[in-house]
Amino acid sequence: MAEKVHGKLGHVMANPAAAAKLLSLSGLFAVYKPKGPTSANVLNQLKEKLLAEAGIQKCARKRKKQILKIGHGGTLDSAAAGVLVVGIGKGTKMLSSILAGSKKYMAIGELGKATDTLDATGKVTEEKPYDQITKEDLERVLQKFTGDIMQVPPLYSALKRDGQRLSSLMKKGEAVEAKPARPVMVYSLSLQNFQPPLFTLDVECGGGFYVRSLVSDIGKELSSCANVQELTRTKQGPFTLEEHALHEDKWTIDEIAQSLEHCMSLLAVEPSLKKLKTEHSEESTVNCEDK
């Protein structure tokens, strides 16, 4: 049985070797966020699993000092799934740079219905006919949303007013004004499937982009309305859903150590991330809205 020792921050360590390896981890890797929990919930679950494996017990009197520095870059909605990039150790300093890179999404939209959240979790606020919309109509409209465009963020979002998330204010019943339209980049946008009222889009975009706003705007451009039924982030920066996103059964110290080696080697060939190792950003973790 491993002897319990006390770390320098007052934490009890039942497995010093595993704890040492965990605390030596540094860099960026990706995990799979399932549909349901918030991005913060997923991060907390990951952190708890790693601390438990390392046998690190929190000391109640040392709440302010975090023994394991960990954060995520680019919030996914609770209803969304896919790639969530995680920074650990000094990797938390790299998260702001990851946010500036491109992301890819697969979105299933529904024509004919608008909701207050712009997705399937919200209340239906409007219904309009969609039978007149053809595949050709939709493909033609997509061209208007490619390249440098202006986009109004959703009211239900993690953007803040007076330090509080707009989504939290909305849920409290407070009046919230829409944020002004802002420039965003859409690198590519294509129609993958069209079976009215549903349609499937493949989107590659830059930072600060909202797929929910895109789908809603497409519905309006077609003289109808639309909301997002399903949303999956398939890529963020160089990290893809198929190759790099660790599912929960892989959330172990050894698996993450291996993933860090592989993922950090990708950063050297990602054009927008070449300066990651020399850039210095805020010490705090970055949990920015970006979907």
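Observations, loosely collected:
- Check on Val286, in contact with a Gly (Cβ under 8 Å, 6 or more places away or on another chain), modelled with pLDDT under 95 and surrounded by 18 or more Cβ atoms within 10 Å (Cβ to Cβ): yes
- Between Lys220, Lys235, Lys250, the distinction of being surrounded by fewer than 17 Cβ atoms within 10 Å (Cβ to Cβ), within 23 Å of Thr146 (Cα to Cα) and at pLDDT 95 or above belongs to Lys220 only.
- Qualifying residues in the range 92-120 (those that are open to solvent by 20 Å² or more (accessible area, probe 1.4 Å) and part of a loop (DSSP other than H, G, I, E, B)) - the one farthest from Glu230 (Cα to Cα): Ser102
- Verdict on Arg182 being at pLDDT 90 or above and open to solvent by 20 Å² or more (accessible area, probe 1.4 Å): yes
- Per-region count, the range 123-146, residues assigned to a loop (DSSP other than H, G, I, E, B) and either surrounded by fewer than 13 Cβ atoms within 10 Å (Cβ to Cβ) or in contact with a helix residue (DSSP H, G or I) (Cβ under 6 Å, 6 or more places away or on another chain) (or both): 5
The values are calculated or read from the model by the stated rules, or taken from the named source; none is laboratory data. Bear in mind the structure is a predicted one, so any value in this text is a computation, not a measurement. With ideal geometry, Cβ positions are generated from the backbone for all residues, glycine too; neighbour counts draw on all protein chains shown. To get the accessible areas, we keep the full protein, side chains included, count just its heavy atoms, and leave off ligands, DNA and RNA. Shrake-Rupley method; radii C 1.70, N 1.55, O 1.52, S 1.80 Å.
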